[in-house]
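Asker: To start, I am sharing the structure in question, which I have written as structure tokens.
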Amino acid sequence: MSASYENLLYELDAASGILTLTINRPSKLNALNAATIADIAAAMQQALDEPQVRGIIVTGSGEKAFVAGADIAELAALTPAQAARAAEHGQEAFCRIEESTKPVIAAVNGFALGGGCELAMACHMRVASENARFGQPEVNLGLLPGYGGTQRLPQLIGKGKAIELLLTADLVKADEALRLGLVNHVVPQAELLSFCQQLLGKILSKAPLAVGMVLECVNAHYAKNANGYETEAKAFGRAFESDDFKEGTTAFVEKRAAVFTGK
């Protein structure tokens, strides 16, 4: 199953329920322009609305770049008010990824700079190829990250190191990103998608409602108007109402594999 977007490939494997979203502007190293941001927002909403989609991989076309940054030529033509709105649109699109109750893995296949790094950080997990490079180089242009980079980078690697990278515009190689906790795994590029599919497949073998609730509760810790502990307690109670809870506990007692239905 596939859908049509201007700058995005939407490819769903019906057997596994894994959707692959590929940023597809190879001539621009997959740089994010307004149309691509709109495609990401629309594709994520479609993925959330389609019950056939159980998990999502986000990657970039080609072997050089995941997303090499924002489209600088487009940005340079914006007024201050237009730039603020563009940042809000990018934040909204990336929050749609972060707040997804379906797991999302970034398969980072090359440069993830600026908006590309922000896109990867919005995903729940990141797997990098050995040639991947990460960075927020906006200060080199007299700018700062606008799609959530100043917020998510400290969450992932700590305030001090995040500020250093944001202010120096230094790039981080894949092995250093792993050490910092910016990525979960580093693998050869030829194995990147298959590794992400295997990791996502393992997650999708678990109870879907419980997986979604875990993501909801983790996000509540960082949300401005949410209490993470309260969210967790309420979700814990909701889990007890599910058929998956009954199936999981019954299967445990009967010493067999659980068959979850997401209900």
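The values are calculated or read from the model by the stated rules, or taken from the named source; none is laboratory data. Everything numeric in this text was worked out from a predicted model, so none of it was measured. Quick reminder, even Gly has a Cβ in these numbers, built from the backbone with ideal geometry, and neighbours come from all protein chains shown. Remember, those area values only see protein heavy atoms, side chains included, never the ligands or the DNA or RNA. Shrake-Rupley method; radii C 1.70, N 1.55, O 1.52, S 1.80 Å.
Asker: Using the Cα centre as the reference, give the magnitude of the dipole from point charges on the C-beta atoms of the chain (Lys, Arg: +1; Asp, Glu: -1; all else neutral), rounded to the nearest 20 debye.
Answerer: In debye, rounded to 20, the chain gives about 440.
Asker: What share of all Cα pairs of the stretch 155-202, in percent, falls into each consecutive 5 Å distance bin?
Answerer: Calculated P(r), rounded to whole percents: 5, 19, 22, 21, 13, 11, 9, 1.
Asker: How large is ³J(HN,Hα), in whole Hz, for each residue of the stretch 64-80 in order, when computed from phi with the Karplus curve 6.51 cos²θ - 1.76 cosθ + 1.60 and θ = phi - 60°, using x for Gly and Pro?
Answerer: Each residue's phi maps through the Karplus curve to give 9, 9, 6, 8, 7, x, 7, 7, 5, 4, 5, 4, 4, 8, 7, 7, x Hz.
Asker: List the pairs from 64/161; 159/224; 206/255 whose alpha-carbon separation is above 21 Å, in the order I gave them.
Answerer: 64/161
Asker: Still on this structure, please answer the following. Go through 183, 143, 114 and say which Cα lies farthest out towards the positive end of the charge dipole of the stretch 47-205; charges sit on Cβ, +1 for Lys and Arg, -1 for Asp and Glu.
Answerer: 183
Asker: Please give the peptides 203-215, 157-169, 36-48 ranked by average Cβ packing (other Cβ atoms within 10 Å per residue), highest first, as a rough proxy for protection.
Answerer: Highest mean packing first, the order is 36-48, 203-215, 157-169.
Asker: Sticking with this one: Kirkwood Rh, Cα Rg: Rg to Rh for the stretch 135-243?
Answerer: My calculation puts Rg/Rh at 1.06.
Asker: Right, something else. Give the Rg (one decimal place) followed by the Dmax (whole number) of the stretch 1-140, computed from C-alpha coordinates and expressed in Å.
Answerer: Cα-based Rg and Dmax for the stretch 1-140 come out at 14.2, 47 Å.
Asker: Pull up the cross-link candidates among the lysines for residue 202, meaning alpha carbon to alpha carbon under 16 Å and not fewer than 8 places away within one chain.
Answerer: Partners found: 102.
Asker: Relative to the compact globular guide of 2.2 N^0.38 Å, what is the alpha carbon radius of gyration of the stretch 1-48, as a ratio?
Answerer: After normalising by residue count via 2.2 N^0.38 Å, the value is 1.14.
Asker: Listed highest first by mean packing, meaning other Cβ atoms within 10 Å per residue, what order do 102-113, 66-77 come in?
Answerer: Answer by packing, highest mean first, reads 102-113, 66-77.
Asker: Let me ask something else. Counting only heavy atoms of protein chains, what accessible area per residue, in Å², does the chain have with a probe of 1.4 Å?
Answerer: Per residue, the chain has an accessible area of 51 Å².
Asker: Whose amide H sits under 5 Å from the amide H of residue 130, counting only residues 5 or more places off or on another chain, with H placed in the peptide plane?
Answerer: For residue 130, the qualifying residues are 187, 189.
Asker: Tell me, what % of the accessible area of the chain is carbon and sulfur with a 1.4 angstrom probe?
Answerer: The C+S portion of the solvent-accessible surface of the chain is 57 percent.
Asker: Quick one: which residues, 5+ away or cross-chain, put their amide H under 5 Å from the amide H of residue 25? H built at 1.01 Å from N.
Answerer: 30, 61
Asker: Out of 220, 22, 78, whose Cα points farthest toward the positive end of the dipole of the chain (charges: +1 Lys, Arg; -1 Asp, Glu; placed on Cβ)?
Answerer: So the residue furthest toward the plus end is 220.
Asker: For the stretch 138-182, what Kirkwood radius comes out of the mean inverse Cα-Cα distance, in Å?
Answerer: Evaluated on the stretch 138-182, it is 10.8 Å.
Asker: Bin all alpha-carbon pair distances of the stretch 198-263 at 10 Å intervals from 0 and give each bin's fraction as a whole percent.
Answerer: Histogram of Cα-Cα distances, whole percents per bin: 21, 42, 30, 6, 0.
Asker: Moving on to the next point. With every atom except the alpha carbons ignored, what do you get for Rg and Dmax of the chain, in angstroms?
Answerer: Taking only Cα atoms of the chain, I get Rg and Dmax of 18.8, 65 Å.
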